[in-house]
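Asks: I have a structure I would like to understand better, so I am pasting it below and will then ask my questions one at a time.
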C-alpha cells in the first residue's frame, strides 16, 4: 500500500481543514494509507481528523512562514516583526524537523497543504523526497518576501494551486497545475427542500466568520442597510462564534487595549451583528455545512482581497447561487448573471442591492442555482479532484525515480505543464 503524508499548516478548524479532509478521504478510498501531521498541533484539529479515521502526528518543530493574502505579515506591526524573527531563528531546525518526520513516517509521497510550509519545501527538495506543494492562497504583495517564496516554488518539483489567479500571482507564468477544491460527491444529489418555507423568511449564509478579508465588515454594513428596508430575512453565520472566541493576542495586551477603549476588530464586528437581533444567527464552526446551505436561498462571499471561495462551490453543489466580490479567485467560482452575481468589492450598497434582487426574484434565483450546480458538477467533485491528485502523485513518484540532474526543469517553470480543471 502506498502512503502519503499530509502536512497541515492550519491551527484551527476552517476551510483548509475541510479541504484536506475531503482530499484525504478520497485518496484513502483509492487505496492509499493517509497520515496527517499538524505543524500547529491543536487538540480540536487532531480530534477532527481522527474522527474520520486518520492518524495525526504532532509536529510543532515544523516552521510555518505565514505571508499571504489570508495571513499577511506587515513589517509595520511589532507582532508581525516578532513572528518573522521567530521564523528566522527556527529556519534550519524546521528543515531538519521536516526530514526527521519523513524518516519516521516513511511516506511514498509528501503533500504540503499550503504556502506557509515553504521551509519544508526547501528541505524536501534538497533531500530529493517526492512531494507536492499545494498552494492555497495568493500573495499579499510583490515585495521581497513574496519574491523569496516564489523562488522556492520555482525550485520545487511540483506545485499545484487552487485557482488560476493564485498560480499567476505567485509564478507570473503559465506553469503550475490547477487542482480546485472539492465538494463530496453525494452533495450533488437532487435538492428537494424549499428554503423559504422552512423559516418563513429569506435565509442566506455567510461563512467567513468575523474575518475582515472575507468581507465581514462589508456584510455588516449591507445588513444594516437591508434592515432599514425590511425584516423578512435572516443571515446565518457559521464559524462566527469561533472567530469571536479565538484569542488573537495575549490577555495582558487585550486588557491594556481595553483600558484605552480599543477593541479588536472581531469583537467590534461581533457586537455589530448581535445588534441586528434575530435577523442574524451566529453559530460555531460546522462540521457539516450541507444542511445550512440546503436551507438557504443563496450564499455570500463579499471578500475584499482575492482568494478562492469554498462556500461558493459548496452552495453550488446543493443548487444555491452565490453573491461574491468581483475579485480574482472568486470570479473563477461565479459566472456573473449565470451562476451567481458579482459585486464591486467593499461596496455594501451594491451587496445589499444584489441580496434584494435574489430575495425578490425566486425564478431568477432558481435558474442561477441550477446552472451553478451543473458547473460545480463539472469542476468540483471529489472524484474529479482525486483522479487528478493521484495522477500527480504517480507523476511525482516517476520523476523521483530518475536523478534530479537528468530532469529538464521544474514543472512549475514549464509553460507547457497541463492545467487540470
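Asks: Let me spell it out: the conditions are (1) assigned to a helix (DSSP H, G or I); (2) at positive phi, and residue 91 meets all of them except one. Which number is the exception?
Replies: It is condition (2) that residue 91 fails.
Asks: Here is a follow-up. In region 26-41, how many are crowded, with 20+ Cβ neighbours inside 10 Å and out of contact with any helix residue (DSSP H, G or I) (no Cβ under 9 Å at 6 or more places or on another chain)?
Replies: Summing the residues that are crowded, with 20+ Cβ neighbours inside 10 Å and out of contact with any helix residue (DSSP H, G or I) (no Cβ under 9 Å at 6 or more places or on another chain) in region 26-41 gives 0.
Asks: In region 114-134, is there at least one residue being in the same structural domain as residue 386 (by TED's automatic domain parsing), within 20 Å of the chain's Cα centre (by Cα), outside any helix (DSSP H, G or I) and touching a residue at least 60 places away in the same chain (Cβ under 8 Å)?
Replies: Within region 114-134 (the criterion being in the same structural domain as residue 386 (by TED's automatic domain parsing), within 20 Å of the chain's Cα centre (by Cα), outside any helix (DSSP H, G or I) and touching a residue at least 60 places away in the same chain (Cβ under 8 Å)), the answer is yes, since at least one residue qualifies.
Asks: Out of 178, 152, I need the residue that is modelled with pLDDT of 90 or more, in contact with a helix residue (DSSP H, G or I) (Cβ under 7 Å, 6 or more places away or on another chain), within 26 Å of residue 18 (Cα to Cα) and assigned by TED's automatic domain parsing to the domain that holds residue 54. Which one?
Replies: Checking each option against the conditions leaves just 178.
Asks: So, one more: Quick check on this structure: which one of 280, 374 is in contact with a helix residue (DSSP H, G or I) (Cβ under 8 Å, 6 or more places away or on another chain) and more than 24 Å from residue 166 (Cβ to Cβ)?
Replies: Testing whether each residue is in contact with a helix residue (DSSP H, G or I) (Cβ under 8 Å, 6 or more places away or on another chain) and more than 24 Å from residue 166 (Cβ to Cβ) leaves just 280.
Asks: Here's a check for you: in region 268-300, which residue that is more than 15 Å from residue 203 (Cβ to Cβ) and without any contact (Cβ under 8 Å) to a residue 24 or more places away in the chain is nearest to the chain's Cα centre (by Cα)?
Replies: 288
Asks: Sort out which residues of region 275-291 are surrounded by 21 or more Cβ atoms within 10 Å (Cβ to Cβ) and over 20 Å from residue 351 (Cα atoms), and write them in order of number.
Replies: Listed by number, the list holds a single entry, 289.
Asks: Could you look through region 29-61, keep only residues that are touching a residue at least 12 places away in the same chain (Cβ under 8 Å) and part of a helix (DSSP H, G or I), and pick out the one that is farthest from the chain's Cα centre (by Cα)?
Replies: 29
Asks: Related question: Return yes when residue 56 is farther than 22 Å from residue 158 by Cβ, buried (at least 18 other Cβ atoms within 10 Å of the Cβ) and out of contact with any helix residue (DSSP H, G or I) (no Cβ under 8 Å at 6 or more places or on another chain) and no when it is not.
Replies: Taking the combined requirement at face value, the residue does not satisfy it.
Asks: Identify, please: which residue in region 135-149 is in contact with a helix residue (DSSP H, G or I) (Cβ under 9 Å, 6 or more places away or on another chain) and part of a helix (DSSP H, G or I) and is, among those, nearest to residue 113 (Cα to Cα)?
Replies: 149
Asks: Still on this model: Among the listed residues 315, 309, which satisfies the condition of being in contact with a helix residue (DSSP H, G or I) (Cβ under 6 Å, 6 or more places away or on another chain), buried (at least 23 other Cβ atoms within 10 Å of the Cβ) and at pLDDT 85 or above?
Replies: 315
Asks: Name the residues in region 124-137 that are crowded, with 19+ Cβ neighbours inside 10 Å and over 20 Å from residue 83 (Cα atoms), would you?
Replies: Answer for region 124-137, where residues must be crowded, with 19+ Cβ neighbours inside 10 Å and over 20 Å from residue 83 (Cα atoms): 124, 129, 130, 131, 132, 133, 134, 135, 136.
The values are calculated or read from the model by the stated rules, or taken from the named source; none is laboratory data. Since the structure is predicted, the reported quantities are computational estimates derived from the model, not experimental observations. Every residue, glycine among them, receives a Cβ derived from its backbone with ideal geometry; neighbour counts consider all protein chains shown.
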